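Take a look at the structure below.
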Amino acid sequence: MSKSLQAIRGMNDILPEQTPLWRYFEGTVARLLDNYGYKQIRMPIVEFTELFKRSIGEVTDIVEKEMYTFEDRNGDSLTLRPEGTAACVRAVLEHGITGGGQVQKLWYIGPMFRHERPQKGRYRQFHQIGLEVFNLDGPDIDAELIIMTWRLWGELGIRDAVKLELNSLGTSESRGRYREALVEYLSAHHDKLDEDSQRRLKTNPLRVLDTKNADTQAVLVDAPKMADYLDDESRAHFEGLKARLDAVGIPYVLNPKLVRGLDYYSKTVFEWVTDKLGAQGTVCAGGRYDGLVEQMGGKPTPGVGFAMGIERLVLMLETLEQIPEEISRQVDVYLCAFGEEAELAGLALAERVRDELPNLRLQVNAGAGSFKSQFKKADKSGALYALILGDDEMAQQVVGFKPLRGQGEQQSIAWDALAAHLATCVVQG
Ligand code: HAM
């Protein structure tokens, strides 16, 4: 196939054999968020470029080198969203739904776009489920977000494979004081820093803490610690969060170097990381951003949220073999009909059964075929039972009912009794 007709590097098709696991994952998260009282919001995937520059920060990797930005036919600069928080803040402001201190607990799902170097767990189009809470400023809601994800890991069977890293960045004032101290310290060790960190020291010094370079990491060992610069309010907030996690029994690791790659955070930041996926080990990350709404032109409005990478979590379910058995079966019953008359009767019968059992996964054979070929398709579909309609069955107004997986003989069931019979032998999803 010519290259121009292939998918773009780092942008993947999710094939039919993979979608059941995606839907299981997405369904599990959606149900959990419903149960905790979160409401879904859907934003466009394209926004004005300015939105991301203003919120994520001009000197972040995302804005500096990863955005898919283009001019549309009106000459406006637009960008495919690299994340969801900015657009969510824009949406709540535009619709005035956080005005007057209204609490909003929102979640979203969808594709995000970053021009990163693709590798396992890192793509150029990837998918997030994110959530954002507005107008709650206490540590109780930060704790709820983390507790909810902890529950999710439990439901998915991956709790033992993830670790929570936690830090507080303080208010912008305390962060400012810390930044000064850090710059002073790092400037004194300028020669020992890697090139990227030397550049970051000028543009975004806190990001130096994030470095993967061993020499710079060695310099950082004696660097000033953020925790020593926290103001009283941030410190109390952080203690409040930790006390709540302790009360629920959620283990965490304090990571004073956790700064996150987006500029809007204040106070709490956290990441759920795993060592099961290689280099791209962060499966869910977020934090508080109390200044962002105001920075984008709204009234002061506290905010906190996180986003999880669906590809990474699906990969984890596969790696840890936490794939529920029932999701691999997509058909309960497969109806085979032989001859034109049986085909017509089969169609009508299938619809009657669907009326009575709306959750039954009933597939009717299409494309006719011999007894052997229809049976092969029935078996391949993964169905538990085949229904058979041939001349004999038509004459007696019955259907042959044949178990395909376990033991058991073929039986004849009267058309009128079919739905009731199926209800007793198929557990419907
Ligand atoms: P983020 O850390 O940039 O935060 O992304 C969140 C998660 O998205 C990551 O932990 C990872 O699982 C996934 N992810 C990010 N980039 C990629 C990629 N290139 N390929 C695959 N997965 C990826 C945010 O986006 C913030 N908006 C989170 C947030 C919400 N903070 C507050 N509210």
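The values are calculated or read from the model by the stated rules, or taken from the named source; none is laboratory data. Please read all numbers here as calculations on a predicted model, not as lab measurements. So basically every Cβ, Gly included, is an ideal-geometry build from the backbone, and we count neighbours across all protein chains shown.
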Close pairs (7 angstrom Cβ cut-off, 6 or more residues apart or separate chains): outside any loop (DSSP other than H, G, I, E, B) in segment 144-171, acidic (Asp, Glu) anywhere: GLU165/GLU271
Taking the condition among the basic types (Lys, Arg), away from the ligand (no atom under 16 Å from the Cβ) and touching a residue at least 40 places away in the same chain (Cβ under 8 Å), does ARG354 pass? no
Any chance segment 13-22 includes a residue that's in contact (Cβ under 8 Å) with a residue 40 or more places away in the chain, within 16 Å of the ligand (Cβ to nearest atom) and among the acidic types (Asp, Glu)? no
Among the residues of segment 229-244, is there at least one that is free of Cβ contacts under 8 Å to residues at least 40 places away in the same chain and crowded, with 18+ Cβ neighbours inside 10 Å? no
Working carefully through the options ILE56, ILE62, find the one that is touching a Lys or Arg at 6+ places or on another chain (Cβ under 8 Å) and within 18 Å of HIS115 (Cβ to Cβ). ILE62
Can you pull out every residue in segment 393-415 that is within 13 Å of ALA345 (Cβ to Cβ) and among the charged types (D, E, K, R)? GLU393
Subset of segment 43-60, residues more than 19 Å from PRO111 (Cβ to Cβ) and part of a helix (DSSP H, G or I), comes to GLU50, LYS53, ARG54
Looking only at residues in segment 63-86 that are touching a residue at least 40 places away in the same chain (Cβ under 8 Å), in a helix (DSSP H, G or I) and surrounded by fewer than 22 Cβ atoms within 10 Å (Cβ to Cβ), which one is farthest from the chain's Cα centre (by Cα)? LYS65
When you look at GLY176, is it of a type in the set (Gly, Ala, Ser) and surrounded by fewer than 17 Cβ atoms within 10 Å (Cβ to Cβ), yes or no? yes
Which numbered condition trips up GLY57, out of (1) modelled with pLDDT under 95; (2) more than 15 Å from the ligand (Cβ to nearest atom); (3) of a type outside the set (A, V, I, L, M)? (2)
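Looking for whichever is on the phi > 0 side of the Ramachandran plot, touching a residue at least 40 places away in the same chain (Cβ under 8 Å) and exposed (fewer than 13 other Cβ atoms within 10 Å of the Cβ) here; the options are GLY367, GLY297. Which one fits?
After applying the criteria, what remains is GLY297.
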Out of curiosity, is LEU106 modelled with pLDDT of 95 or more, crowded, with 20+ Cβ neighbours inside 10 Å and part of a strand (DSSP E or B)? yes
Only one of (1) outside any loop (DSSP other than H, G, I, E, B); (2) touching a Phe, Trp or Tyr at 6+ places or on another chain (Cβ under 9 Å); (3) small (Gly, Ala, Ser); (4) over 30 Å from SER381 (Cα atoms) fails for GLY10. Which number is that? (1)
Yes/no for VAL353 being hydrophobic (A, V, I, L, M, F, W, C) and outside any loop (DSSP other than H, G, I, E, B): yes
Members of segment 330-350 found to be outside any helix (DSSP H, G or I) and either farther than 16 Å from ALA420 by Cα or not β-branched (Val, Ile, Thr) (or both), listed by number: GLN330, VAL331, ASP332, TYR334, LEU335, CYS336, ALA337, PHE338, GLY339
State which residue is farthest from the chain's Cα centre (by Cα) when the search covers only segment 122-132 and only residues that are surrounded by 20 or more Cβ atoms within 10 Å (Cβ to Cβ) and more than 6 Å from the ligand (Cβ to nearest atom). LEU131
Evaluation of VAL333 against (1) touching a Cys at 6+ places or on another chain (Cβ under 7 Å); (2) buried (at least 19 other Cβ atoms within 10 Å of the Cβ) (one fails), failing number: (1)
Might you let me know whether segment 89-102 holds any residue that is assigned to a strand (DSSP E or B), aliphatic (A, V, I, L, M) and buried (at least 17 other Cβ atoms within 10 Å of the Cβ)? no
Taking the conditions exactly as written (among the β-branched types (Val, Ile, Thr) and at pLDDT below 95), does THR149 satisfy them or not? no
Neighbours by Cβ (under 6 Å, 6+ apart or cross-chain): first from segment 409-424, free of Cβ contacts under 8 Å to residues at least 24 places away in the same chain; second aliphatic (A, V, I, L, M) and surrounded by fewer than 13 Cβ atoms within 10 Å (Cβ to Cβ): none
Quick one: ASP140 ticks every box in (1) away from the ligand (no atom under 16 Å from the Cβ); (2) in a strand (DSSP E or B); (3) of a type outside the set (Phe, Trp, Tyr) bar one, so which box is it? (2)
